[in-house]
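Contents: one structure, followed by commentary.
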There are 2 protein chains.
Amino acid sequence: MQIETVLSPTLFSQISDVEHKTVVVIDILRATSTITTILHNGADAVIPVREASIAQEYKSKGYLVGGERGGETIPGFDFGNSPFHYKKEIVTGKEIVLTTTNGTKCIEMASHAHQVVVGSFLNLVAVVNHLRYMDKDVVLFCAGWKNRVNVEDSLYAGAVAQRLKSEEVDDATLLCIDAYDASKDNLFAALKKSNHFQRLASKGVTKDIAYCCETDIINSVGVLSTDRIILA
Amino acid sequence: MQIETVLSPTLFSQISDVEHKTVVVIDILRATSTITTILHNGADAVIPVREASIAQEYKSKGYLVGGERGGETIPGFDFGNSPFHYKKEIVTGKEIVLTTTNGTKCIEMASHAHQVVVGSFLNLVAVVNHLRYMDKDVVLFCAGWKNRVNVEDSLYAGAVAQRLKSEEVDDATLLCIDAYDASKDNLFAALKKSNHFQRLASKGVTKDIAYCCETDIINSVGVLSTDRIILA
């Protein structure tokens, strides 16, 4: 099983034969952690959309919609981007529309893959087991921040790759494994140094970040099916 | 002092205000290690060129020229890409033309920087001291391999950044520092796992790679001056 890591969406075009590979989209703070939580809490699907205006259209058709801009829940929306907003009693049996920027872009870019998987620390081992079950070459696709490399997505790529124990890994993956190795005993401390942490912490979402660092509290895995993410 | 790391030439355009920054071009295996060695061995300058045909023109004007393609010294050239080819008694007082692909491209891309510095483990502390002396924001520009991230250049970026001890580092730099931390006690072993090592080792240049991992055996620093690299 070959493993490649894409550290920024700008580098995704370097990956060949995507249609034969499983692509794990990684946007730890917070899109893919939130999506994993929403599905775990019983939603039928998450529909990721890039623009608030598209979410608004879904809203007018009766969907529950989530998203925030500049750290505030979008006026009229049911949820912000915090995983804590999506409580079981509200989302169970529903299709939830979520507007995110970095994460959704990557899901769209990878949509021709053999399968797109949603990655988070919350269900790390479940994702690893799913990748083994799929038995395809793997692309760990870090959403980053506005096309720049970020620490949290890269460390997650390292965490997955380390557990897959493949001999066929590219150099970007080796880099992530080494960085994860240096940080794994205190992910939260590692993330605290990151640029994104500083952006989010200033918006008072330290609790969200601590949650997104929790490992293996969820056993299920979200995968893309046409335009929505459902449980595998 | 702000530090940013560019893990692939594809990401260099994300860097703003390059004209006010010191850019360290990093192509550890082997261009920037070889350039550092050539200057240390007494050459007046190294003229990096992308194409063998341009080197050939210099050759016809009487310059000593180096370069290889497919692991073999280019026919008629004086040297290959190995740092061991550039012996003191041959290069002293000369201007040496070197054709490389990844490294030269990055030098050209960064040529509008406040200053372009040539990075290698061989003169790691000398580079760090030079960056402190310049007292500008720093860009650690990894040449990678055909625009892909590579381990050896990334680890060197981590080595420089760790020594600069700045608080203002981007996430790509944090990733490199962590990876370097995990590998610094045995760089050669870390590089052995890399894709590039495997390419080069199959061409019998393990001795070159071991040399390029040696740290702080050279005290001087090469910098770009118009189209040639000279000692700072």
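The values are calculated or read from the model by the stated rules, or taken from the named source; none is laboratory data. Please read these numbers as outputs of a predicted model, since none were measured by experiment. Glycine gets a Cβ as well: all are built from the backbone with ideal geometry, and neighbour counts include every protein chain shown.
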Residue count, segment B:205-214, condition surrounded by fewer than 14 Cβ atoms within 10 Å (Cβ to Cβ) and free of Cβ contacts under 8 Å to residues at least 40 places away in the same chain, comes to 1
Restricted to segment A:160-172 and to residues being of a type in the set (Gly, Ala, Ser) and buried (at least 24 other Cβ atoms within 10 Å of the Cβ), the residue nearest to residue A:117 (Cα to Cα) is A:161
Scanning segment A:66-88 residue by residue, those without any contact (Cβ under 8 Å) to a residue 24 or more places away in the chain and either in a strand (DSSP E or B) or surrounded by fewer than 18 Cβ atoms within 10 Å (Cβ to Cβ) (or both) turn out to be A:68, A:69, A:70, A:72, A:73, A:75, A:76, A:79
Among the residues of segment A:89-103, the number that are crowded, with 23+ Cβ neighbours inside 10 Å, of a type in the set (Val, Ile, Thr) and in a helix (DSSP H, G or I) is 1
Residue A:145 fails exactly one of (1) at the interface with chain B (Cβ under 10 Å from one of its Cβ atoms); (2) buried (at least 24 other Cβ atoms within 10 Å of the Cβ), namely (2)
Across (1) crowded, with 18+ Cβ neighbours inside 10 Å; (2) modelled with pLDDT of 95 or more; (3) assigned to a helix (DSSP H, G or I); (4) among the β-branched types (Val, Ile, Thr), residue A:125 clears everything bar (1)
Selection over segment A:183-229 where residues are more than 27 Å from residue A:55 (Cα to Cα), more than 14 Å from chain B (Cβ to nearest Cβ) and not hydrophobic (A, V, I, L, M, F, W, C) yields a count of 4
The correct count of residues that are touching a residue at least 40 places away in the same chain (Cβ under 8 Å) and either closer than 11 Å to residue A:7 by Cβ or part of a loop (DSSP other than H, G, I, E, B) (or both) in segment A:159-174 is 4
The one condition residue A:75 fails out of (1) at pLDDT 95 or above; (2) more than 14 Å from chain B (Cβ to nearest Cβ); (3) farther than 23 Å from residue A:212 by Cα is (1)
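For the subset of segment B:7-27 comprising residues that are hydrophobic (A, V, I, L, M, F, W, C) and within 12 Å of chain A (Cβ to nearest Cβ), which member is farthest from residue B:195 (Cα to Cα)?
Here the answer is B:15.
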Residue set A:91, A:125; condition of a type in the set (A, V, I, L, M) and either within 14 Å of chain B (Cβ to nearest Cβ) or in contact (Cβ under 8 Å) with a residue 60 or more places away in the chain (or both); output residue A:125
Can residue B:4 be described as charged (D, E, K, R), within 14 Å of chain A (Cβ to nearest Cβ) and farther than 12 Å from residue B:100 by Cβ?
yes
Restricted to segment B:173-194 and to residues being modelled with pLDDT under 90 and surrounded by 20 or more Cβ atoms within 10 Å (Cβ to Cβ), the residue farthest from residue B:30 (Cα to Cα) is B:190
Scanning segment A:38-51 residue by residue, those crowded, with 17+ Cβ neighbours inside 10 Å and in contact with a strand residue (DSSP E or B) (Cβ under 6 Å, 6 or more places away or on another chain) turn out to be A:38, A:39, A:43, A:45, A:46, A:47, A:48, A:49
Of (1) more than 11 Å from chain B (Cβ to nearest Cβ); (2) closer than 26 Å to residue B:181 by Cα; (3) free of Cβ contacts under 8 Å to residues at least 12 places away in the same chain, residue A:133 fails just (2)
- Task: For residue A:217, state whether it is in contact (Cβ under 8 Å) with a residue 24 or more places away in the chain, of a type in the set (A, V, I, L, M) and in contact with an Asp or Glu (Cβ under 8 Å, 6 or more places away or on another chain).
- Result: no
Those residues of segment A:148-182 which are under 22 Å from residue B:143 (Cα atoms), touching a Gly at 6+ places or on another chain (Cβ under 6 Å) and more than 7 Å from chain B (Cβ to nearest Cβ) amount to A:176, A:177
Residue count, segment A:13-37, condition buried (at least 24 other Cβ atoms within 10 Å of the Cβ) and not in a strand (DSSP E or B), comes to 11
